[in-house]
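Below: one structure, written as structure tokens.
The values are calculated or read from the model by the stated rules, or taken from the named source; none is laboratory data. The structure presented is a predicted model; accordingly, all values stated were derived computationally and were not measured. Note that we place each Cβ from the backbone using ideal geometry, even for glycine, and neighbour counts take in every protein chain shown.
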Amino acid sequence: MQKIAIYPGSFDPLTNGHLDILKRALNIFDKVIVAVTVGGSKKTLFSGQERLDMIRTATAGWKRIVPENFSGLLVDYARKKKAIALIRGLRAVSDFEYELQMGLMNRRLSSRPPHKNPLETVYLMPDEKFTYLSSTLVKEIARLKGNVRDFVPKIVEEKLNAKFHAVI
Ligand code: PNS
């Protein structure tokens, strides 16, 4: 049976740190669905469609990954997709508390019918060079006309520049 995992997030925008986690997840699972939030409470710079399109472009030619938008409860989406695990990246201790809370809540929510098995979360560490990287910092640097080339795929760099510094 295919082992399917879901890598959920806002990906506002995708960074090289996300891609690093995705590659690691592909070493463990047969298929990884990159699940991009839409319609959540979090205000995002890019629309759901824009975030999805950037991921599609940045991972074009990668096999075994499926980028999709999702809304609603993650555990319900995971059940529909027949996923056996969630993937989350852990950069530093500061990520841990929020991740533990979400991981335990998702496991709890998926521990009763109609769910069949509790949904576990697999935490992966990115390469050390990405431990200080975040979408929030990347947006700030781009907004202030800094160079984000080392931190994001080309398509994201272009879209950030267009968003913040478009000449109309
Ligand atoms: O990249 P982010 O913003 O840290 O990702 C957070 C995300 C999308 C994983 C989380 O907000 C989420 O799971 N949202 C879907 C709604 C849901 O199921 N909420 C309950 C989580 S315990």
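Find the residue count for the range 1-56, including only residues that are farther than 20 Å from Leu119 by Cβ, of a type in the set (S, T, N, Q) and part of a loop (DSSP other than H, G, I, E, B).
Total satisfying the criteria: 5.
Does the range 126-149 contain at least one residue that is closer than 24 Å to Gly40 by Cα, aromatic (Phe, Trp, Tyr) and modelled with pLDDT of 95 or more?
Scanning the range 126-149, I find no residue that is closer than 24 Å to Gly40 by Cα, aromatic (Phe, Trp, Tyr) and modelled with pLDDT of 95 or more, so the answer is no.
Identify, from the list Tyr132, Tyr98, the residue that is exposed (fewer than 15 other Cβ atoms within 10 Å of the Cβ), aromatic (Phe, Trp, Tyr) and away from the ligand (no atom under 14 Å from the Cβ).
Result of the check over Tyr132, Tyr98: Tyr132.
Criterion first (more than 15 Å from the ligand (Cβ to nearest atom) and buried (at least 16 other Cβ atoms within 10 Å of the Cβ)) does Thr44 satisfy it?
No, not satisfied.
Looking only at the range 58-76, decide whether some residue is in contact with a Pro (Cβ under 9 Å, 6 or more places away or on another chain), away from the ligand (no atom under 14 Å from the Cβ) and either part of a loop (DSSP other than H, G, I, E, B) or in contact (Cβ under 8 Å) with a residue 60 or more places away in the chain (or both).
Among the residues of the range 58-76, at least one is in contact with a Pro (Cβ under 9 Å, 6 or more places away or on another chain), away from the ligand (no atom under 14 Å from the Cβ) and either part of a loop (DSSP other than H, G, I, E, B) or in contact (Cβ under 8 Å) with a residue 60 or more places away in the chain (or both), which makes the answer yes.
If we keep just the residues of the range 19-41 that are within 9 Å of the ligand (Cβ to nearest atom) and of a type outside the set (Gly, Ala, Ser), which is surrounded by the most Cβ atoms within 10 Å (Cβ to Cβ)?
Val36
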